[in-house]
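Data block below; observations after.
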Amino acid sequence: MDVTELAKQLKTKAPAMVYLVLGTQQVLQEAALTAFLSLIPEDQRVMNVGRYDMEVTPLASALADAVSAPFFGERRLVVVNKPYFLTNEKRGGKIEHDLAALTKYLQHPEPTTTLVFSAPYEKLDGRKKLVKELKKVAVNVSAAPLDERSARQQVESGLHQDGFTIDDAALETLVQRTNADYGLMVANVAKLKILAYQNKQITARMVEELVPQSLDDNVFDLVTAVLRRDQPRSLALYQQLLASQKQPLQINAVLVSQFRLLIQLKVLVKHGLSQGSIASKLNVHPYRVKLGLRTVRQFSLERLANAYLGLVKIERTLKTTQRDPELLFQLFMLQYTRQN
């Protein structure tokens, strides 16, 4: 189940004895913890909530807490954070974890304790006997990064629940400026809600004023202008980046990286790979792949390669000479526009 479904279930049904919250999206891990905390009345949390970081605390401490009866309450919540021993990671250090005791506990969980494994990892090591035992018992909650569509839905749903609305254009701008990263979207929505507190309406202008564009975003506009061989706009955008105190080498490195990605996309699409497969293969956020695919459909591989090689040449010159970066970029554009 996802975190939204978890929160609903905990309000209407008795909680399970063991949960596994697996996934690297930190904002979802935190939302799950908030949902679990609601099980314990606020005035009982000091005595009936235990949180244990497995990177600094022995597992035995968490298990000792888990088998204890609630103190003047009906339920105890024990959260085991970063249980790296469930993955294939190898850690050094002096902390010893009693994994046999955990296996024994999972066979007979304490009915008055809700034991939560908060695992901020992509996956666990399914070959381990302990992991197999955990999966038999635990209710699985996904905290995996959301795709673009799910991130949009979650943001809109959350705003609606809080009495806010967001324009389609505003949501699109938010997605673009955060690369559809749900964690970044949530962080910026918190600021936007303060700005829109009076009329509860979030507009595109608010997003433009409050959510900064990353260097990648600005460079993406520049990439498009370069590919269209629009010299005036390309030079204007390059000058804007320099004026914003971005270093020439940094700008050029991002440009090279963007064109390298576009070439990879062009080749992989030609080989029949889907958008999701490409994102997984290149380890690139699906939203960046989506934007890149829109671009590569309009231009030939030769045009992409010529731009890439020209920018690599600029990088070499920047590193070995004192020539003016703006002049180098202007010469690059002149040469690039003359190519077929």
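Just a few scattered comments:
- Pairwise centroid distance, computed over Cα atoms, of region 290-328 with region 164-183, Å: 29
- Calculated Cα extents along the principal axes in Å (choose from (1) 58, 42, 39; (2) 62, 46, 36; (3) 78, 51, 40), label: (3)
- Amide H contacts under 5 Å for Ala143, placed H, 5+ residues apart: Leu22, Gly23
- Calculated [θ] (222 nm, deg cm²/dmol) that DSSP helices of n ≥ 4 give over the chain, each run adding -39,500 (n - 2.57): -18000 deg cm²/dmol
- Stretch in the chain that is longest and holds no GluC sites (Glu not before Pro) that DSSP places in a loop and that have at most 10 other beta carbons within 10 Å: 97-340
- Computed from point charges on the beta carbon alone (+1 for Lys and Arg, -1 for Asp and Glu), the dipole magnitude for region 195-234 about its Cα centre is near 160 Debye.
- Solvent-accessible area per residue, Å², over the chain with all protein chains present [probe radius 1.4 Å]: 55
- Helix axis angle, 168-178 relative to the chain longest principal axis, alpha carbon, degrees: 90
- Just the protein heavy atoms count here, and of the accessible area of the chain at 1.4 Å, carbon and sulfur take up 51 percent.
- With respect to the chain, whose longest principal axis is taken over its alpha-carbon atoms, helix 301-320 is tilted by about 90°.
- Tensor-based shape of region 193-286 (alpha-carbon gyration tensor, a/c under 1.5 rounded, otherwise prolate or oblate): oblate
- Farthest toward positive dipole pole in region 207-309 [+1 Lys/Arg, -1 Asp/Glu at C-beta], among Val219, Phe259, Pro232: Phe259
The values are calculated or read from the model by the stated rules, or taken from the named source; none is laboratory data. Not measured: the values here are computed from a predicted model. So basically every Cβ, Gly included, is an ideal-geometry build from the backbone, and we count neighbours across all protein chains shown. In case anyone asks, the SASA skips ligands and DNA or RNA and just uses the protein heavy atoms, side chains included. Shrake-Rupley method; radii C 1.70, N 1.55, O 1.52, S 1.80 Å.
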